[in-house]
Amino acid sequence: AFWGIIRHEKINMEIIRKISADERFELHYYGREQQIAFNLKSYVKNNRVKNVFFHGEYRNEERYKFARKTDIIHNIYHDKNTMLAMGNKYYDGLLFYLPQLCMEGSYMGESCQKHDVGISLNPYKEGFTDRIYEYYKGIDTALFKSKCDEALSGVMEEYYEGEKMLDKCLSFEK
């Protein structure tokens, strides 16, 4: 599942092309639909794709409902800015114990692989869906959950260190 503002048409079109040709998968998009989403929906309709679904905008608290029905988070973005970014879905993946599918060479992808909480792939490369399937089927659930907990613990440590540094800077100015 993907959740958030649906953008990055080219990469999502490639993902839809690959997923639509593989009946082992379904792809669900939850999020505000603007022109890019309309284009993707049109492609799905015109090509009679049966395993890609658009659910529209949602309220933040509704994530819990569809996260329970999600097997893997589609966390692939591909532009200069998002290759260097850490998206909110990364943290959702840790909190909901969901493996993540990230773009090869992205900061998020490197972080997922470093912490063993996801896989980095390039949808344009051959074997994209096979690699997702093999990765997912090989997950040891107990080990995966402990890896999510470890990664989240590291995030919280960074957060508290940041708070301390901010307090120190603010008290220095007085």
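The values are calculated or read from the model by the stated rules, or taken from the named source; none is laboratory data. Small disclaimer: the values here were computed from a predicted structure and weren't measured. Quick reminder, even Gly has a Cβ in these numbers, built from the backbone with ideal geometry, and neighbours come from all protein chains shown. In case anyone asks, the SASA skips ligands and DNA or RNA and just uses the protein heavy atoms, side chains included. Shrake-Rupley method; radii C 1.70, N 1.55, O 1.52, S 1.80 Å.
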### Residue count for the stretch 110-168, restricted to those that are at pLDDT below 95 and on the phi > 0 side of the Ramachandran plot
0
### Query
Which of the residues spanning the stretch 125-148 are farther than 13 Å from residue 101 by Cα and hydroxyl-bearing (Ser, Thr, Tyr)?
141, 146
#### Entry: Search result, residues across the stretch 97-142 that are under 23 Å from residue 66 (Cα atoms) and hydrophobic (A, V, I, L, M, F, W, C)
98, 101, 102, 103, 108, 112, 117, 119, 132, 139, 142
### Summary
Reported set for the stretch 24-35 where residues are open to solvent by less than 70 Å² (accessible area, probe 1.4 Å) and either over 18 Å from residue 76 (Cβ atoms) or at pLDDT below 95 (or both) is 31, 33
### Query
Where in the stretch 38-121 are the helices (runs of 4 or more DSSP H), entirely inside, with at least 3 residues that are of a type outside the set (A, V, I, L, M) and touching a residue at least 60 places away in the same chain (Cβ under 8 Å)?
88-96
### Query
Only one of (1) farther than 23 Å from residue 13 by Cβ; (2) touching a strand residue (DSSP E or B) at 6+ places or on another chain (Cβ under 8 Å); (3) assigned to a helix (DSSP H, G or I); (4) open to solvent by less than 80 Å² (accessible area, probe 1.4 Å) is not met by residue 142, so which one is it?
(2)
### Task
Tally the residues that are part of a helix (DSSP H, G or I), of a type outside the set (Gly, Ala, Ser) and either under 14 Å from residue 52 (Cα atoms) or open to solvent by less than 10 Å² (accessible area, probe 1.4 Å) (or both), restricting the search to the stretch 6-23.
9
